[in-house]
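All remarks here apply to the structure that follows.
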Amino acid sequence: MSRKLPAADWHPASWQKHQAAQQAVYPDKALLDAAVAELSRLPPIVTSWEIDALKDLIATAQRGDAFVLQGGDCAETFEECTSDNIVAKLKILLQMSLVMLFGLKKPVVRIGRMAGQYAKPRSADTESRDGQVLPSFRGDLINRLPFTPEDRVPDPQLILRGYERAALTLNFVRSLIDGGFADLHHPEYWDLGWVGHSPMAEEYHGIVKSISNSLDFLETVSGRELHHTQRADMYAAHEGLHLFYEQAQTRFLERRNRWYNLTTHFPWIGMRTAALDGAHIEYFRGIANPMGVKIGPGMTAEWLQQLIAVLNPRNEPGRLTLIHRFGAKTIDDHLPRLITAVRETGSPVLWVCDPMHGNTESTADGTKTRRFDNIVAELESSFRIHHAMGSYLGGVHLELTGENVTECTGGARGLTDGDLARAYKTTVDPRLNYEQAMEVAMRIAGLRQTG
Ligand code: PEP
Ligand code: CO
C-alpha cells in the first residue's frame, strides 16, 4: 500500500481501511459508533500548544540537552483513579526527576504513563480457565477483569468512562502543579513514606538540600524569584492502541493547519502494532503529536528505516522517539545495528531505553516478575552502547508506582520470589515500587555520560 504525506489521503478514520492488530471485537457496532460520536463531541483533554511545547522539549533532548523520564503503571485502572494514587505517582516522578537533574546536570522532561493508559495489547485473544474460554482482558477502556462472560465482552461505554478518568487524573495533576506542588523550592512536599526509613534517604536528602542551596544562590545573585521558570511540568502519555478512542479526539486545528490527537500529549506505538501497512502506522502518520515507537529484537534495519520515512517524512525535530526494549541479555545483539540503521536515514530521533519489557520472566509458581539487576543491566548497557557509538541515550521509560508493591524482585531491600505475593497488585506487568524506582533514578544519575 502506498503512503503519501497526510493530506488528501489521510483522515482520522483512514486507519479503518488497514489491518488493525490487537483490537477488541465489539458485538454491537451501532453502540460503538454512538460512543465514538459522543466522545468526539466532548472537549479535549490536552491542548495543541502543550503538545507543541513537549515536541520542542523532545527536540532539545534529541540534541543532547535534556533527558526524558517517562514512567507510570503498565495499565492504569479505573478503580485506582484516586487522589492518593495520583499524588503518589506524581511524587515519585518528581523525586526521580530531581535526582536525575542533579546527577545528569540537564533539564529532565517528565512524561507520565498516565491519564489514559487503559488499553493493553495481549499475547492471546482468549484466556481459558477450567475449560471455559473467554476474551482476554484488554484493559479498563475495553472490558472488565473478572473472568465472567459478561465482564469480558467489550463494552463501548468504557471508552467514555476512560476519557472521563483520564481527564480527572490530568485535572488533578495540573491543579497540584499550579498550586506549587512541583515547586523546586519545596521538594519536601514530595516526600513519600519511604524517605524516613529507606537505605537511600540520606543520599536523597543531600541532593534536595544541595538543589535548594543552588536555587537560593541563583535568586540572590539574579535578584529575582525563579519560582515560575523552575516549575516542573508534567506531560501525559499512553499507548495509542485503541484506535476508535484515539480517532474520536483527533481534531484539525485551522490555525496550525494540522491534525492533533487531543487525548494525550505523547501517544506511543506498541511493539505489537508497528506493522508498516497496519492501521496504527496509518493513524499515527497523520497526527502532529510527538510520538514514541517501541522497538524490540524483531525489528529489522529496513523496517525501522521505513517507519521513520512514513512517520517523519519531513525529518521534523522532536517528532519521533524510539523506545528500545530488548532485554539485558540481547541488547548487545540489536542496539548497535539499529543505531547504524537510524543514522543512515539522517533523521533526528530521541533514543529512550525501556529496561522493563524485555526483562519479564515467570517465577516457579508462574508469577510474572522482573529482576532489578536485569533492569539495571539493560540500562547500563544502553548507556555504554550509545556512548561507544557516539549516539545519545536521551531518556528512560519505566513501569513504576508510588506505592509499596512487591512485583519486581531485588533492589536495596533484596525482595525475593517469596516476597511477591505480599503486595502484588498490577493487572498486567510488574512495576518497580517507589524504593526500587528511586534506586533506578540514583543509578541513572550516577551513570552520567562523559561524552
Ligand atoms: C507496554 O509498554 O506496556 C508494552 C506492552 O510494551 P511493548 O509494546 O514494548 O511490549
Ligand atoms: Co507493560
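The values are calculated or read from the model by the stated rules, or taken from the named source; none is laboratory data. This structure is a prediction, so every number in the text was calculated from the model and none was measured. No Cβ is skipped: glycine too gets one built from the backbone with ideal geometry, and neighbour counts run over all protein chains shown. Areas reflect the complete protein model, heavy atoms only, side chains present, ligands, DNA and RNA absent. Shrake-Rupley method; radii C 1.70, N 1.55, O 1.52, S 1.80 Å.
Considering each of GLN70, GLN62, GLN157 in turn, give the residue that is of a type in the set (S, T, N, Q) and out of contact with any strand residue (DSSP E or B) (no Cβ under 7 Å at 6 or more places or on another chain).
After applying the criteria, what remains is GLN157.
Conditions first: (1) open to solvent by 30 Å² or more (accessible area, probe 1.4 Å); (2) closer than 20 Å to TYR163 by Cα. ALA21 passes all but one, so which condition is the exception?
Every condition holds for ALA21 apart from (2).
Can you name the residue in the stretch 398-425 that is open to solvent by 20 Å² or more (accessible area, probe 1.4 Å) and either within 16 Å of ligand 1 (Cβ to nearest atom) or among the charged types (D, E, K, R) (or both) and, of all such residues, is modelled with the lowest pLDDT?
Looking at the filtered set, the residue picked out is ARG413.
Has the stretch 361-368 got at least one residue that is open to solvent by less than 50 Å² (accessible area, probe 1.4 Å), within 19 Å of MET271 (Cα to Cα) and touching a Phe, Trp or Tyr at 6+ places or on another chain (Cβ under 9 Å)? I'd like the intermediate steps shown before the answer.
Kept after step one, since they are open to solvent by less than 50 Å² (accessible area, probe 1.4 Å), are these residues of the stretch 361-368: 363, 367.
So of that shortlist, the ones also within 19 Å of MET271 (Cα to Cα) come out as none.
The answer is no, given that none of the residues of the stretch 361-368 is open to solvent by less than 50 Å² (accessible area, probe 1.4 Å), within 19 Å of MET271 (Cα to Cα) and touching a Phe, Trp or Tyr at 6+ places or on another chain (Cβ under 9 Å).
Just need a number here: residues in the stretch 270-296 that are within 16 Å of ligand 1 (Cβ to nearest atom) and closer than 19 Å to PRO317 by Cβ.
4
Anything in the stretch 135-154 that is over 17 Å from ASP125 (Cβ atoms) and not in a helix (DSSP H, G or I)? List them, or say none.
ASP140, PRO146, THR148
Enumerate the pairs (first residue in the stretch 67-92 and at pLDDT below 95; second residue anywhere and within 16 Å of ligand 1 (Cβ to nearest atom) and part of a loop (DSSP other than H, G, I, E, B)) with beta-carbon separation below 7 Å, excluding pairs fewer than 6 apart on the same chain, so at least 6 apart or on different chains.
LYS89/THR401
Would you be able to tell me the number of residues in the stretch 49-78 that are farther than 30 Å from ARG255 by Cα, away from ligand 2 (no atom under 16 Å from the Cβ) and surrounded by fewer than 23 Cβ atoms within 10 Å (Cβ to Cβ)?
Qualifying residue count for the region: 2.
Filter the stretch 113-143 for residues that are out of contact with any His (no Cβ under 9 Å at 6 or more places or on another chain) and crowded, with 22+ Cβ neighbours inside 10 Å; which is farthest from PRO267 (Cα to Cα)?
Checked the stretch 113-143; the qualifying residue farthest from PRO267 (Cα to Cα) is ASP140.
Need the failing condition index for GLN23 against (1) part of a loop (DSSP other than H, G, I, E, B); (2) closer than 27 Å to LEU184 by Cβ; (3) not hydroxyl-bearing (Ser, Thr, Tyr), just the number.
Here GLN23 meets the rest and fails (2).
Which ones in the stretch 263-299 are in a loop (DSSP other than H, G, I, E, B), more than 16 Å from ligand 2 (Cβ to nearest atom), in contact (Cβ under 8 Å) with a residue 40 or more places away in the chain and surrounded by fewer than 23 Cβ atoms within 10 Å (Cβ to Cβ)?
ALA275, ASP277, GLY278, GLY286, ALA288, PRO297
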